[in-house]
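Q: Here it is, the structure, as structure tokens.
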Amino acid sequence: MPADTSDYEAELDAIFETLAELAPEIRASLPGRRVKSDEVNPSGETRLEADAYADELIEEALGDIDGVGTYASEEQAEPIDVGSGDVSIACDPLDGSSNIKPNSPMGTIIAVYEGDLPAGGDRLLASGFVLFGPILTMTVARDGQVTEANVGDGEIDVIDDDVTLPEEPTVYGMGGRVPDWTPGFSAFIRAIEQEYKLRYGGAMVADVNQVITYGGIFSYPALKSAENGKLRLQFEGIPIAYIIESAGGASSDGTQSILDVDPEKFHQRVPVHLGNDEMIDRLEATLAAHD
Ligand SMILES: O=P(O)(O)OC[C@H]1O[C@](O)(COP(=O)(O)O)[C@@H](O)[C@@H]1O
Ligand SMILES: [Mg+2]
Ligand SMILES: [Mg+2]
């Protein structure tokens, strides 16, 4: 169960209003920043100039909000003290940033936690993502409710105040090389590919938004070469799991909700499965049968 938000309404309002204001600014900064920098992030990935720029912009704006004490980013080794206050923000400034080169969609993810990091789903106050697609949108989960808004002009213009996964799933998308999948995960995909359409673009927020829109499942699974997969718990796993669960779906690390995973390390990775309840149940059952 995520944390009680009643003492943090003002901070949450300010955080999401500020993120909406930043969205067009981040988008406008992208065309000139498609090249790689010579830096490597804490997960060992080469940063793009766009990753670094978006991170600075977000740290400055969200770090300035009253009540926000800590800003942490996938792009930085340690959380940063940005003021006094009990609210910590964990951010993936650009999710799927390798998509900038082919000009494909990507996003920004934020998780708002109560207290110090690393934190688990029980200390999450709210989460959201901006999707830099043909339309600039922001999807926010707060108090168990998901809203989608247009933020193209920096204002929150709500399109849907009760985003819910469709009951009939139709799409699936998953990361990792096929020979690197575990036997259980391969068996699950072999079964569902008979029924559903493949949709995978390489940016979690965009791939997850396909699932939110059409119903289905998104996975970045445990791999033979990496038992915790690729995605990071604080910055990607927990915030998106909360959005999917609040929209009536389910999340799993293979055996339990991602919101129940123990946060041990700041840049910890976690296998991620998100989608309609029955597909997550079927996945967990197939993985258990191949254990
Ligand atoms: O290139 P792969 O292995 O399919 O990985 C894609 C996954 O990696 C990510 O791009 C990781 O995010 P970052 O760009 O923030 O590192 C996810 O958005 C996406 O699901
Ligand atoms: Mg990411
Ligand atoms: Mg990123």
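Q: May I ask you to list the residues in segment 75-91 that are modelled with pLDDT of 95 or more and surrounded by 18 or more Cβ atoms within 10 Å (Cβ to Cβ)?
A: Across segment 75-91, the qualifying residues are Pro79, Val82, Val87, Ser88, Ile89, Ala90, Cys91.
Yes or no, residue by residue, for (1) more than 9 Å from ligand 1 (Cβ to nearest atom); (2) not β-branched (Val, Ile, Thr):
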| site | (1), (2) |
| --- | --- |
| Asp64 | yes, yes |
| Gly67 | yes, yes |
| Thr70 | yes, no |
| Ala77 | yes, yes |
| Gly83 | yes, yes |
| Ala90 | yes, yes |
| Pro93 | no, yes |
| Asn103 | yes, yes |
| Thr108 | yes, no |
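Q: Among (1) closer than 17 Å to Leu124 by Cβ; (2) open to solvent by 50 Å² or more (accessible area, probe 1.4 Å); (3) within 16 Å of ligand 3 (Cβ to nearest atom), there is one condition Arg269 misses while meeting the rest; what is its number?
A: Arg269 satisfies all of (1) closer than 17 Å to Leu124 by Cβ; (2) open to solvent by 50 Å² or more (accessible area, probe 1.4 Å); (3) within 16 Å of ligand 3 (Cβ to nearest atom) except (1).
Q: A follow-up question, please. Do we have Gly237 as without any contact (Cβ under 8 Å) to a residue 40 or more places away in the chain and within 16 Å of ligand 3 (Cβ to nearest atom) here?
A: yes
Q: Looking at (1) over 16 Å from the mean Cα position of the chain (by Cα); (2) in a strand (DSSP E or B); (3) not small (Gly, Ala, Ser), which one does Leu57 not meet, given that it meets all the others?
A: For Leu57, the failing item is (2).
Q: Based on this model, can you work out whether Val158 counts as open to solvent by less than 10 Å² (accessible area, probe 1.4 Å) and either under 20 Å from the mean Cα position of the chain (by Cα) or away from ligand 2 (no atom under 15 Å from the Cβ) (or both)?
A: So Val158 fails the test.
Q: Only one of Leu165, Leu94, Leu131 is buried (at least 18 other Cβ atoms within 10 Å of the Cβ), assigned to a loop (DSSP other than H, G, I, E, B) and of a type in the set (A, V, I, L, M, F, W, C). Can you tell me which?
A: After ruling out the rest, the residue left standing is Leu165.
The values are calculated or read from the model by the stated rules, or taken from the named source; none is laboratory data. Everything quoted here is computed from the prediction, not taken from an experiment. Cβ atoms come from the backbone with ideal geometry, glycine included; neighbour counts cover every protein chain shown. Just the protein is used for accessible areas: all its heavy atoms, side chains included, with ligands, DNA and RNA removed. Shrake-Rupley method; radii C 1.70, N 1.55, O 1.52, S 1.80 Å.
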